[in-house]
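Engineer: Handing you a structure now.
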Ligand SMILES: Nc1ncnc2c1ncn2[C@@H]1O[C@H](COP(=O)(O)OP(=O)(O)O)[C@@H](O)[C@H]1O
Ligand SMILES: Nc1ncnc2c1ncn2[C@@H]1O[C@H](COP(=O)(O)OP(=O)(O)O)[C@@H](O)[C@H]1O
Ligand SMILES: [Mg+2]
Ligand SMILES: [Mg+2]
Ligand SMILES: [Mg+2]
Ligand SMILES: [Mg+2]
Ligand SMILES: [Mg+2]
């Protein structure tokens, strides 16, 4: 998948690249100030290289993807992902510019993006949560991002021709295959790349491999992940893809974007808030309890879901009332003037959200499980130094995740019930 | 959508076209026998022109699509449909050659296909059913066609890369938009193209337009039609797309092929058998009762579903046992050597068919409704000369179809229960 003309940049050649493009370099400084620019490589993800370039006029970020995974040079990965990231950033910015870094430039041959720098005090959310922080505006911001991007790229907003065109532009095949493997397959058998806290969790890892119900449930979710094209998803919407301050929230790292089930984006977010909650039990100490933060994490989960539903529904109702809905709920059947139009619309909406929540919870369960039994672990648990304490938090998480995955209906279709049950694990 | 180099053939130029291509004309006779060839245009469909060409050595069929619908010159239709038909015939023949006419030739510029002629006593099934005939092998043949084509183009047989490639090749956008309109939208509002037996059915046509539950149900099915990519469907699998004898069954007219929900193909077949059953009540006379045929139609519905499930499951189990399943049920999780592999596979299969049947019945209901309230009617009902008798059969059908669409669960997940309820309508 190596692209002709490709070359990997480094902290020196990044400067040259930008200085040769005054429209870009201008964000940093005039090209004759180049020697005064500083470049730092800050990529903390598993996959790409991210350079922060600062100069007299300002700063920007340059992200480049190599033809393999950063942490595993023997794991090739399509460089098309840079194109998907650029196209997804553009599409997201169309619907929710307030939570997306501005894209300045995309270079297909070099597989790189140049974008707005999110300066301190912006932090990546995951380590900030692991450090015990809370961000009161987060649930509302994420809900807004999800509602606007998911609604506006669905058949509720688009006619079927435009929607099919959009779906076709995001055939992110190799990246999706990665997800199919690491979330929906590996954790349920003894995949060589798996790891877990051992020997403490050996019993549970073994149990999942023998778990008929879990395997049936994960297969139904895998089918939805592959087959259900509802909207353009971010595709990797977890706390490591968010940069936040007290007042702002940005969604970065859109390279996993594809057309899939809405519940997958929402479920990943729910999973990652719950992961922070469960990990908190192992991260807190008698001197530094996390009672407040952990309460906030559960409350944030409820608030995020409620705001998402409210806002998505509002957009939906407004589009029908405004006379410009997508093809799924045409005005002729659901408009104010249509016979029983508003009542029919309400019925469709109730069915929609009632059907969505079980999938959200199922995907959430799957995501928690894969972070503990699969290849890619998270700092939330990894920062619990004592292996026994870590295993205890992980065990609790796994048992809870299995309920989400397999006994979804036991929560009676309520996120409140889910967080109550999570709180009761302590 | 007019294609450069396109020209419409007629009964004369069809001969020239074939005579210039000896590999094709050879099916009919040597080119110097051309003057002795006969050409008949037999297209009875709504859309295309079909020529039967016969000569000293044999016969063939040439099907050409114009850039508009045959019965409505002001309704443009993409000529790409010929390509979809050719590609679908090839794909179907790969999995089920015994029920597909052989494709001899496809010409993209002229939007035409040349294929195997199905000679007398082959009949189009729909008018044969309307004439009171039965075809004992039909249910089994159709079940075989559906099981083999649907299984082998699904993620149960293919890896996700090959499957996505297949799905991408069948982006039959304009044809799907037609279906979205005529099945999933028009019948539920006063669309100008709608018609029904009037005034007898005015009350029911009005009731469907005000029917909150029916509109909610049809929207959920429309979402599946558009969003759920499970397998390559025939897309227009009704009794007018089948040519049969006592012993043979051929599936023709694959121009609606697209990647969609498996239940749509199966549901269309179920609907059309039930349509023949309900219409039979109006077609029979005291002198020529249809008791036997109508019993057979219900029994055929049950048999078709049962054989379909049995064969689809057999292919599925065999692919896992054989070590070459698609990506949805990998051997590592479901193989004979995997922990709880066979039990897990059985659980997935049970979930699959239990989830499939309600969609089959829902689509079946939708298809019956559209044939009575929408634009395109069928000879089954149209042949009932007396308007009151026709309306009576249509009323019964509509009421039953609404149960299929809205009260799907009242049948307790059993096709036997469905046909019992249909029999009880008499
Ligand atoms: N726009 C930005 N502003 C500031 N820092 C950024 C920006 N984009 C990325 N980063 C930093 O780079 C890291 C990796 O970026 P990310 O897009 O997540 O790459 P990867 O695809 O490798 O995971 C982020 O976690 C963050 O620390
Ligand atoms: N292979 C064939 N052999 C014999 N008759 C055929 C064949 N294909 C089509 N026909 C005849 O032509 C009619 C129209 O063909 P069809 O493919 O259904 O066209 P349309 O797309 O216009 O509905 C069929 O109903 C049948 O009578
Ligand atoms: Mg990242
Ligand atoms: Mg990334
Ligand atoms: Mg036809
Ligand atoms: Mg054949
Ligand atoms: Mg046709």
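The values are calculated or read from the model by the stated rules, or taken from the named source; none is laboratory data. Since the model is a prediction, treat every value here as computed from it, not as a measurement. Cβ: placed from backbone, ideal geometry, glycine included. Neighbour counts: every protein chain shown.
Engineer: Going through the range A:102-114 one residue at a time, which ones are buried (at least 24 other Cβ atoms within 10 Å of the Cβ) and closer than 21 Å to residue A:144 by Cα?
Structural biologist: none
Engineer: From B:80, B:91, B:98, B:54, which residue is away from ligand 5 (no atom under 16 Å from the Cβ) and within 14 Å of chain A (Cβ to nearest Cβ)?
Structural biologist: On the way: B:91 fails: within 14 Å of chain A (Cβ to nearest Cβ); B:98 fails: within 14 Å of chain A (Cβ to nearest Cβ); B:54 fails: within 14 Å of chain A (Cβ to nearest Cβ).
Just a single option satisfies the conditions, and that option is B:80.
Engineer: Does residue A:270 qualify as being in a loop (DSSP other than H, G, I, E, B), out of contact with any strand residue (DSSP E or B) (no Cβ under 6 Å at 6 or more places or on another chain) and either within 15 Å of residue A:368 (Cβ to Cβ) or away from ligand 4 (no atom under 16 Å from the Cβ) (or both)? Before the answer, list the steps.
Structural biologist: Working: in a loop (DSSP other than H, G, I, E, B): no; out of contact with any strand residue (DSSP E or B) (no Cβ under 6 Å at 6 or more places or on another chain): yes; either within 15 Å of residue A:368 (Cβ to Cβ) or away from ligand 4 (no atom under 16 Å from the Cβ) (or both): yes.
Considered against the rule, which asks whether it is in a loop (DSSP other than H, G, I, E, B), out of contact with any strand residue (DSSP E or B) (no Cβ under 6 Å at 6 or more places or on another chain) and either within 15 Å of residue A:368 (Cβ to Cβ) or away from ligand 4 (no atom under 16 Å from the Cβ) (or both), residue A:270 comes out as no.
Engineer: Only one of these is out of contact with any helix residue (DSSP H, G or I) (no Cβ under 8 Å at 6 or more places or on another chain) and in the same structural domain as residue B:394 (by TED's automatic domain parsing): B:334, B:352, B:363. Name it. Lay out the reasoning, then the answer.
Structural biologist: On the way: B:334 fails: out of contact with any helix residue (DSSP H, G or I) (no Cβ under 8 Å at 6 or more places or on another chain); B:363 fails: out of contact with any helix residue (DSSP H, G or I) (no Cβ under 8 Å at 6 or more places or on another chain).
After ruling out the rest, the residue left standing is B:352.
Engineer: Then there is this: Just checking, how many residues over the range A:302-338 are surrounded by 16 or more Cβ atoms within 10 Å (Cβ to Cβ) and more than 14 Å from chain B (Cβ to nearest Cβ)?
Structural biologist: 14
Engineer: Let me ask something else about it. Tell me, yes or no, whether the range B:73-88 has at least one residue that is in the same structural domain as residue B:20 (by TED's automatic domain parsing), away from ligand 4 (no atom under 16 Å from the Cβ) and under 20 Å from residue B:19 (Cβ atoms).
Structural biologist: Pass one, the range B:73-88, residues in the same structural domain as residue B:20 (by TED's automatic domain parsing): B:73-88.
Cutting the leftovers down to away from ligand 4 (no atom under 16 Å from the Cβ) gives us B:73-88.
From what's left, under 20 Å from residue B:19 (Cβ atoms): none.
Within the range B:73-88, not a single residue is in the same structural domain as residue B:20 (by TED's automatic domain parsing), away from ligand 4 (no atom under 16 Å from the Cβ) and under 20 Å from residue B:19 (Cβ atoms).
Engineer: Here is a follow-up. Given B:114, B:14, which one is over 21 Å from residue B:237 (Cβ atoms), within 16 Å of ligand 6 (Cβ to nearest atom) and away from chain A (no Cβ under 14 Å)? Steps first, please.
Structural biologist: Details: B:14 fails: within 16 Å of ligand 6 (Cβ to nearest atom).
Every option except B:114 fails the conditions.
Engineer: Now for a separate question. Can you tell me how many residues in the range B:47-82 are touching a helix residue (DSSP H, G or I) at 6+ places or on another chain (Cβ under 6 Å) and either at pLDDT below 90 or within 16 Å of ligand 3 (Cβ to nearest atom) (or both)?
Structural biologist: The number of residues fulfilling the criteria is 1.
Engineer: Restricting attention to the range B:274-301, report how many residues are in a helix (DSSP H, G or I) and crowded, with 17+ Cβ neighbours inside 10 Å. Can you show your working first?
Structural biologist: In the first step, residues of the range B:274-301 are kept if they are in a helix (DSSP H, G or I); the result is B:274-283, B:291-301.
Of the ones still in play, those that are also crowded, with 17+ Cβ neighbours inside 10 Å are B:274-283, B:293-294, B:296-298, B:300-301.
Count: 17.
Engineer: Ok, one more. Tally the residues that are at pLDDT below 95 and under 30 Å from residue A:387 (Cα atoms), restricting the search to the range A:279-338.
Structural biologist: Number satisfying all stated conditions: 0.
Engineer: Next question, about the same structure. Kindly indicate whether any position in the range B:221-230 is facing another protein chain (nearest Cβ under 9 Å) and more than 18 Å from the chain's Cα centre (by Cα).
Structural biologist: yes
Table: residues versus (1) surrounded by 20 or more Cβ atoms within 10 Å (Cβ to Cβ); (2) within 21 Å of residue B:47 (Cα to Cα).
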| position | (1), (2) |
| --- | --- |
| B:199 | no, no |
| B:208 | yes, no |
| B:242 | yes, yes |
| B:246 | no, no |
| B:249 | yes, no |
| B:252 | yes, yes |
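Engineer: With the requirement that a residue be within 16 Å of ligand 2 (Cβ to nearest atom) and either loosely packed, with under 14 Cβ neighbours inside 10 Å or part of a loop (DSSP other than H, G, I, E, B) (or both), what does the range B:12-31 give you? Break it down stepwise before answering.
Structural biologist: Just the residues of the range B:12-31 that are within 16 Å of ligand 2 (Cβ to nearest atom), to begin with: B:14, B:18, B:24, B:27-28.
Scanning the range B:12-31 gives B:27, B:28.
Engineer: Restricting the search to the range B:164-219, which residues are over 21 Å from the mean Cα position of the chain (by Cα), more than 7 Å from every other protein chain (Cβ to nearest Cβ) and closer than 20 Å to residue B:264 by Cβ?
Structural biologist: B:214, B:217
Engineer: Consider residue B:129 carefully, then state whether it is touching a residue at least 24 places away in the same chain (Cβ under 8 Å), away from ligand 3 (no atom under 16 Å from the Cβ), buried (at least 21 other Cβ atoms within 10 Å of the Cβ) and in a loop (DSSP other than H, G, I, E, B).
Structural biologist: Here the answer is no, as residue B:129 does not meet what is asked.
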